[in-house]
1. In nm, to one decimal, how far is the modelled label at residue 85 from the one at residue 99, with both set 7 Å along Cα→Cβ?
2. Taking the chain as the reference, fit the longest principal axis to its C-alpha atoms, fit the long axis of helix 38-53 to the helix C-alpha atoms, and give the angle between the two in degrees, 0 to 90, nearest 10.
3. Please check which bits of the range 63-77 a label hung off residue 137 would reach, taking the label as a point 7 Å along Cα-to-C-beta and the cut-off as backbone N under 16 Å.
4. Amide H to amide H under 5 Å from residue 87: which residues, 5+ apart in sequence or cross-chain, H placed 1.01 Å off N in plane?
5. What spacing in nm lies between the two simple spin-label points modelled at residue 106 and residue 62, each 7 Å away from Cα in the Cβ direction?
6. What list of ³J(HN,Hα) couplings, whole Hz, do you get for the range 133-144 from phi and the Karplus terms 6.51, -1.76, 1.60, once you set θ to phi - 60° and write x for glycine and proline?
7. I need the P(r) histogram for the range 33-152: all alpha carbon pairs, bin width 5 Å from 0 out to the longest distance, whole percents.
8. Among DSSP bridges having both ends in the chain, what percentage is antiparallel? Round to the nearest 5.
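No lab work stands behind these numbers, since they all come straight from the coordinates. Keep in mind that what you see is a predicted model, and the values were worked out from it rather than measured. Virtual Cβ from ideal backbone geometry, glycine too; neighbours counted across all protein chains shown.
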Amino acid sequence: MSLPDLDAQNFDADRQHWISVRVYYEDTDFTGMVYHANYLRFFERGRSDHLRDAGISHQSLLEREDPAAFTLTRVEVDYRKAAKVDDLLHIRTRYIGTEGPRIRFSQTCFRGEEIIADGEITAVMIHADGRPRRPIRELVKHLEAYRWEGEG
């Protein structure tokens, strides 16, 4: 699989964000396959880059007058195949939307045409001291331009 045509911010025409991740020896367990928890790290990179490329950096949230951050409240991942050292993986991130305090993303890890892992991640916004807060209205409004509205 080659990546679809991407704009300068790594989004395709369907508002899906893409990054590539090379598997290194450090990503694997004793079997030579990617350790299951490392897919969460790959997905984290995808979400962070999605937000950054959409114009929202974690650092800019912390530097606000009312500092904020994201924390995950739910992670559901289906592991379908094993990735190995030197594999080139592509992480697709879709911003699904905001429902009350929840911000949802769907993510898929590909090796070529094969789906290696996929999942859904729910985050909430917190104050810098860890207390929950409503998502920042301007942030939610800004993210709407990047909402994926496809199926499947």
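1. 4.3 nm
2. Approximately 50 degrees, to the nearest ten.
3. Answer for the range 63-77: 66.
4. Residues meeting the amide H criterion: 23.
5. About 3.2 nm, to one decimal.
6. Rounded to whole hertz, the list is 8, 5, x, 5, 3, 5, 5, 4, 4, 5, 5, 4.
7. Result returned by the calculation: 2, 10, 21, 23, 18, 12, 8, 5, 1.
8. Values: 41 of 42 bridges.
Within the chain, antiparallel bridges account for around 100 percent of the total.
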